[in-house]
Amino acid sequence: MDVFQREALTVLYWHRLVSTEQVRRLVAPTLSPVTVRAKLTGLRQAGLADRITREHRPRTWHVTSDGAEVVEAAGAVDARAYRLPGTAVAHLLQEHTLDVVETGLAFVETAREHGDECGPLSWTPEVAHPFRDRAGDRRGVVIADAVLHYVLEEAGRRSQRTLFVELDRATMPVARLARKLVGYIRYHDHAPAGAGRKPTWRERYPRFPRVLIVLSGAEERVLERRLADLRAHAQAMPLVSTAAGRVDLVVTTLPQLVARGPLEPVAMPLLGDPRWVSVFGRLS
């Protein structure tokens, strides 16, 4: 394996399903698509990676069991607790997973352009955050589609930013999507019983990550309607509407995020007056 193939194999392991073009943009954007396809084919011939081919869909790559063992033995990333499910399930996961990768790519490419830090492994997909409800007698869990880390360089100062990414492909009613916000707020508010009552989230994060909802899977006009409807639902739900100042909640569309980048005013706060801000922008 050459350097590109080692890095590509790690990316496939970490993100589970990645298209050929996404691998190129993540690992070596200066390489030609033909070269990238040839190198990925080499991994396939070595039994370390395989592909999913569907009509009218991008060719999508994933590691094999042997490929996963190679990555884990190298120790460059933490071992993942899961393996890619069967092909039938992978087909169902493909669009959602590729959109999460595309979301991360918007940050990677912006970081390259602006001299910030965000690389192919700067977000972790499917991160579970368990907690107990306020009564303390029932377990809850909020699973972020990704937790993304970005180092922002502003006027000579560097700041660490962390996002909970929740991606919606327009496959569920907006009301149900709005209810998912409740899990993030309950996770923020939960503090176990005992002296000090330190919030559970402080065991993992220096400050609570901003929640970024990314809408995809439909035409832009449909996504804009869903964005407006999500804001209306969020502001009508007492637990969510009273979270302003404690939990930052913003929403964008994947086409806008990809076209303009996260540092441009592409996000809308879910609470308060409607106005466009950058993904990391001030909400008040």
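Could you tell me which residue of the stretch 152-166 is farthest from the chain's Cα centre (by Cα), considering only residues that are closer than 17 Å to PRO206 by Cα, surrounded by 15 or more Cβ atoms within 10 Å (Cβ to Cβ) and not aromatic (Phe, Trp, Tyr)?
Among those that are closer than 17 Å to PRO206 by Cα, surrounded by 15 or more Cβ atoms within 10 Å (Cβ to Cβ) and not aromatic (Phe, Trp, Tyr), it is LEU152.
Is there a residue being at positive phi, among the charged types (D, E, K, R) and in contact with a strand residue (DSSP E or B) (Cβ under 9 Å, 6 or more places away or on another chain) anywhere in the stretch 15-22?
yes
Does VAL222 satisfy the condition of being of a type in the set (Val, Ile, Thr), at pLDDT 95 or above and part of a helix (DSSP H, G or I)?
So VAL222 passes the test.
For the stretch 49-59, does any single residue satisfy the condition of being surrounded by fewer than 16 Cβ atoms within 10 Å (Cβ to Cβ), without any contact (Cβ under 8 Å) to a residue 40 or more places away in the chain and assigned to a helix (DSSP H, G or I)?
No, there is no match, as no residue in the stretch 49-59 is surrounded by fewer than 16 Cβ atoms within 10 Å (Cβ to Cβ), without any contact (Cβ under 8 Å) to a residue 40 or more places away in the chain and assigned to a helix (DSSP H, G or I).
Among the numbered criteria (1) part of a loop (DSSP other than H, G, I, E, B); (2) farther than 17 Å from LEU167 by Cβ; (3) hydrophobic (A, V, I, L, M, F, W, C), which single criterion is violated by ALA228?
Of everything listed in (1) part of a loop (DSSP other than H, G, I, E, B); (2) farther than 17 Å from LEU167 by Cβ; (3) hydrophobic (A, V, I, L, M, F, W, C), ALA228 misses just condition (1).
Kindly indicate which of THR110, THR97 is in contact with a strand residue (DSSP E or B) (Cβ under 8 Å, 6 or more places away or on another chain), closer than 20 Å to VAL27 by Cβ and surrounded by 14 or more Cβ atoms within 10 Å (Cβ to Cβ).
THR97 is the lone residue from the list that is in contact with a strand residue (DSSP E or B) (Cβ under 8 Å, 6 or more places away or on another chain), closer than 20 Å to VAL27 by Cβ and surrounded by 14 or more Cβ atoms within 10 Å (Cβ to Cβ).
Looking at (1) assigned to a helix (DSSP H, G or I); (2) at pLDDT 95 or above; (3) under 23 Å from the mean Cα position of the chain (by Cα), which one does VAL89 not meet, given that it meets all the others?
(2)
Please determine whether any residue of the stretch 246-253 is surrounded by fewer than 20 Cβ atoms within 10 Å (Cβ to Cβ), more than 19 Å from ASP99 (Cα to Cα), touching a strand residue (DSSP E or B) at 6+ places or on another chain (Cβ under 6 Å) and modelled with pLDDT of 95 or more.
No, that holds for no residue.
Could you check VAL211 against (1) under 23 Å from HIS96 (Cβ atoms); (2) assigned to a helix (DSSP H, G or I); (3) touching a Phe, Trp or Tyr at 6+ places or on another chain (Cβ under 9 Å) and say which number it fails?
Checking VAL211 against (1) under 23 Å from HIS96 (Cβ atoms); (2) assigned to a helix (DSSP H, G or I); (3) touching a Phe, Trp or Tyr at 6+ places or on another chain (Cβ under 9 Å), the one that fails is (2).
Taking interchain pairs and intrachain pairs at least six residues apart, which have beta carbon atoms under 6 angstrom, with the first residue in the stretch 113-131 and in the same structural domain as TYR187 (by TED's automatic domain parsing) and the second crowded, with 19+ Cβ neighbours inside 10 Å and of a type in the set (Phe, Trp, Tyr)?
Correct list of pairs: CYS118/PHE107; CYS118/TYR150; LEU121/TRP14; HIS129/TYR187; PHE131/TYR187.
So is ASP229 surrounded by fewer than 16 Cβ atoms within 10 Å (Cβ to Cβ), over 23 Å from HIS129 (Cα atoms) and at pLDDT 95 or above or not?
The answer is yes for ASP229.
The values are calculated or read from the model by the stated rules, or taken from the named source; none is laboratory data. Remember, predicted model here, so these are calculated numbers, not experimental data. Backbone-built Cβ (ideal geometry, glycine too); neighbour counts: all protein chains shown.
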